[in-house]
Ligand code: UDP
Ligand code: MG
């Protein structure tokens, strides 16, 4: 019988963990033609999450726990879960039931039809605030524009099923700072999606503030596209042309003025202010471009340093035999 690994990153989820176990066990208990492993990654929780996971492991022998030495972040936790999971297919989901476990049956149905990636698409994000929905919309718009041939599906978070083959491909990637929802489409393979309505978190609270969301967006973009660098080049060129032309024109005006022709407006202080403004604007644009280059340089530094993505403090295996 095929083994399905359910990969769940958990950070300070003491309130959610018991509710999660109840919900997930109910769903997988009803599916008879697969075996399941719960691949739980404790991302350095500071609350009782790890104790709860260990206690549950005593009761349930299909739980595999990987516990980090500190908080390394959601993406690192997902990456660790992918590496340690042994299943013939993996399902990645959040611990907070915002990714409804009931959808697993549908994910598996598509898997049986031969799909290697089954994305769970959020069709109704009413439970998220307006600002979160809007920023998410912009994120998917920008990223799909910038990533060229890689098709990043809209409104698909981490919740998805991937085959062993795709998991291996993603695990083979050497880059450190990868974003799960970008590297899976990068790998490609036969992909489809099922839809679901995203609900509110029943307990605990979100770990994603806007700062973390912008960081994720930045990582997604700089890890999958060098278009911003190209655009800066194009913009730089355009600015050079425009400002070059302006200064030549003004120079000509100056010369004409000397020769008796009149062009008064250069002497009006307003225009001087306008020129200073334009120079300031131009400097701002330059700084933005330097910042963009810096972003990429930072990524290069991270890759060159070659630090591990996470440190495992403790690992508790499941009792499942690989068939
Ligand atoms: N998470 C994690 N490490 C972190 C932050 C979050 O492993 O540093 C886990 C968290 O426990 C949850 C999932 O990632 O299972 C998604 O987090 P959350 O629900 O806070 O994000 P949101 O749904 O608000 O985007
Ligand atoms: Mg959540």
For region 127-190, what class follows from the C-alpha gyration tensor (a ≥ b ≥ c being the square roots of its eigenvalues): rounded when a/c is under 1.5, otherwise prolate if a/b is larger than b/c, else oblate? prolate
Just to confirm the number: angle between the C-alpha axis of helix 49-59 and the first principal axis of the chain, 0 to 90 degrees, nearest 10? 30 degrees
In degrees from 0 to 90, rounded to the nearest 10, what is the angle of the helix 210-224 Cα long axis to the longest principal axis of the chain? 80 degrees
Let a ≥ b ≥ c be the square roots of the eigenvalues of the Cα gyration tensor of region 160-251; is it rounded (a/c under 1.5), or, if not, prolate (a/b larger than b/c) or oblate? prolate
In degrees from 0 to 90, rounded to the nearest 10, what is the angle of the helix 74-84 Cα long axis to the longest principal axis of the chain? 40 degrees
Helix-only CD estimate at 222 nm, as mean residue ellipticity for the chain, using -39500 (n - 2.57) per DSSP H run (n ≥ 4): -17000 deg cm²/dmol
Mind checking the log10 I(q)/I(0) for region 51-185 at q = 0.09, 0.17, 0.19 Å⁻¹? Debye, one equal scatterer per Cα, no solvent, two decimals. -0.31, -1.12, -1.36
Run the numbers for residue 173 and residue 278: contour at 0.36 nm per residue of separation, minus the present Cα-Cα distance, in nm. 33.3 nm
Want the number for residue 229 to residue 287: 0.36 nm per residue separation, take away the alpha-carbon distance, what's left? 19.6 nm
Assertion target for 194, 41, 304, ordered by fewest C-beta neighbours within 10 angstrom first, is 304, 194, 41
The chain - share of DSSP beta bridges that are antiparallel (%, nearest 5): 35 percent
Please give the length that would be gained between residue 305 and residue 134 if that part of the chain were fully extended, namely 0.36 nm times their separation in residues minus their C-alpha to C-alpha distance (nm, one decimal). 58.0 nm
Binning every alpha carbon pair distance of the chain at 20 Å from zero, what are the percents per bin? 27, 47, 16, 9, 1
Tell me, what is the percent relative contact order of region 26-112, built from C-alpha pairs under 8 Å that lie six or more residues apart? 32 percent
Put in order of increasing Cβ neighbours within 10 Å, starting from the fewest, 226, 63 give 226, 63
How much of the DSSP beta bridge set in region 96-229 is antiparallel, as a percent to the nearest 5? 35 percent
Between the alpha carbon centres of region 144-159 and region 8-59 the gap in Å comes to 29 Å
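Here, each number is a calculation from the coordinates, and none is a lab measurement. Bear in mind that the values here come from a model prediction, so they are computed numbers and not experimental data. Note that each Cβ is placed from the backbone with ideal geometry, even for glycine, and that neighbours are counted across all protein chains shown.
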